[in-house]
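What follows is a short report on a single structure.
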Amino acid sequence: MSVTNLSRLERIIGYVLRVGVATSTISLALGLLLSLTGAAASTLFLHIGIIALLVTPVARVCVSIAEYVTDRDWTFALLTLIVLAELAGGLIAALYGRKA
Amino acid sequence: MPVVTPLLTLIIFTAGAIAGSLGALLGIGGGIFLVPFLNLGLNFPLQAAAAISLATVIATSSSVSAGRTGKQLINMRLGMVLEVATAAGSLLGGVTAQVLPQTTLQLMFGVMAAVVAVIMLSRLGRRNVLLDPSIDPGMLGGRFHDAESGCMVTYRVKRMPVALFASFIAGNVSSLLGVGGGVIKVPILNSWCGIPMRAAAATSAFMIGVTATTGAIIYYGHGQLIPVLAAAAVLGVQLGSSAGMHFGARASTKWLKMMMAGVLIVVSVLMFARALR
């Protein structure tokens, strides 16, 4: 991978992380404030905030896969794909053991 | 599960702020302080404490790494290789945390904290920095500008199997005990794999988001993550770590390691005392 592409990936990842942090922080703060006032919408904002928090690293892995594929760096495309599969494994474990 | 009150929310926000600033000062996540506080101090089940802590770990990883991209301190290639191992460990840990009794988890926490403290203290003087910038960093090594010494630092990664194994264990411990796992892999990457402390810490902090997410999804799905308390802890840690970061940048590596070890020994003793009571 060339130096230009490397810094491009770093820049995209930086952007994804910033958007994710901003979305989750704002939603969690809104949810927390609303919960103190007893508003019903608080739960919705809290869950949006938590989901945004959890999705941010997943999105970071996804853009890495896309970048490595674009760059034909198959070793790293495969490695990041395995990481994504492991994250999916966590989701399956979460849904499977759930007390409905 | 604890009963949520505005006072409890405030206590957790404050605890998050303190844990976050201490974590940033020491160059580790706040989880190592938050989990014992929630479990030993507030009597949360360890799984609920770990779930809240993992949420703060993800937030810290994302925000800290966002600020560091483009500075070459994060070794992304190395991070992505090691993530394969940490996420596998984390997946296994998240599943086993559902079946292990609380005292077993507390004993594991005690052992983990003590082991890391010993590693840190035994390797205080080591730097593992090659100051010759003409050295080839190899496929997974890296180079960055070190603010402390004012030099370009170049390093090669040694003993990759050790790095992978340490990452797997760190991922496993992360999910089981609700810490980032940096306390396990940073000393090992630094001491045995030739990665300078600051690059090891930045790369670890970058990886931890994925590690903690794998575990946190499982706790969230099982209803062990209390949303309002997670929000309070995350916001507290965000506030605290941004405050602590200013001091952390100026503190010396040796001082960081010694403080980190001291805190870990105290945490270890407290966890053993509670588990064996």
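Against the numbered list (1) surrounded by fewer than 17 Cβ atoms within 10 Å (Cβ to Cβ); (2) more than 9 Å from chain B (Cβ to nearest Cβ); (3) not charged (D, E, K, R), A:Leu95 comes up short only at (2).
Scanning segment A:21-32 for residues that are surrounded by 21 or more Cβ atoms within 10 Å (Cβ to Cβ) and touching a Gly at 6+ places or on another chain (Cβ under 9 Å) returns A:Ser24, A:Ser27, A:Leu28, A:Gly31, A:Leu32. Number of residues in segment A:33-59 that are buried (at least 18 other Cβ atoms within 10 Å of the Cβ), within 7 Å of another protein chain (Cβ to nearest Cβ) and not β-branched (Val, Ile, Thr): the value is 6.
With the structure loaded, tell me whether B:Leu229 is within 30 Å of A:Ile26 (Cβ to Cβ), crowded, with 24+ Cβ neighbours inside 10 Å and in contact with a Ser or Thr (Cβ under 8 Å, 6 or more places away or on another chain) or whether it fails that test.
It is true that B:Leu229 is within 30 Å of A:Ile26 (Cβ to Cβ), crowded, with 24+ Cβ neighbours inside 10 Å and in contact with a Ser or Thr (Cβ under 8 Å, 6 or more places away or on another chain).
Residues to consider are B:Gly110, B:Gly31, B:Gly79, B:Gly23; find the one that is touching a residue at least 24 places away in the same chain (Cβ under 8 Å), crowded, with 18+ Cβ neighbours inside 10 Å, within 14 Å of another protein chain (Cβ to nearest Cβ) and small (Gly, Ala, Ser). Even if it seems obvious, please write down each step before you answer.
Values: B:Gly110 fails: within 14 Å of another protein chain (Cβ to nearest Cβ); B:Gly31 fails: within 14 Å of another protein chain (Cβ to nearest Cβ); B:Gly23 fails: within 14 Å of another protein chain (Cβ to nearest Cβ).
Matching residue, one of B:Gly110, B:Gly31, B:Gly79, B:Gly23: B:Gly79.
Inside segment B:42-79, residues that are touching a helix residue (DSSP H, G or I) at 6+ places or on another chain (Cβ under 8 Å) and under 30 Å from B:Thr104 (Cα atoms) make up a count of 19. Of the candidates B:Ala170, B:Ala166, B:Ala205, B:Ala212, the single residue that is free of Cβ contacts under 8 Å to residues at least 40 places away in the same chain and under 30 Å from B:Gln102 (Cβ atoms) is B:Ala166. List the number of the failed condition for A:Gly31; all other conditions in (1) at pLDDT 90 or above; (2) closer than 21 Å to B:Met207 by Cβ; (3) not aromatic (Phe, Trp, Tyr) hold. It fails just one condition, (2).
If you go through segment B:223-244 one residue at a time, do you hit one that is more than 11 Å from chain A (Cβ to nearest Cβ) and either farther than 23 Å from B:Met112 by Cβ or modelled with pLDDT of 95 or more (or both)? For segment B:223-244, residues more than 11 Å from chain A (Cβ to nearest Cβ) and either farther than 23 Å from B:Met112 by Cβ or modelled with pLDDT of 95 or more (or both): present.
Here segment B:125-137 is the region considered, the condition is being surrounded by 12 or more Cβ atoms within 10 Å (Cβ to Cβ) and in a loop (DSSP other than H, G, I, E, B), and the residue that is modelled with the highest pLDDT is B:Pro137. If a residue must be more than 26 Å from A:Ser35 (Cα to Cα) and of a type in the set (Phe, Trp, Tyr), how many such residues does segment B:191-250 contain? So the answer is 3.
Report, by residue number, each residue of segment B:70-107 that is closer than 12 Å to A:Val83 by Cβ and polar (S, T, N, Q). Across segment B:70-107, the qualifying residues are B:Thr86, B:Ser90.
The values are calculated or read from the model by the stated rules, or taken from the named source; none is laboratory data. Just so it is clear, the model here is predicted, and its values are computed rather than measured. Because the Cβ atoms are built from the backbone with ideal geometry, glycine has one as well, and the counts that use them run over all protein chains shown.
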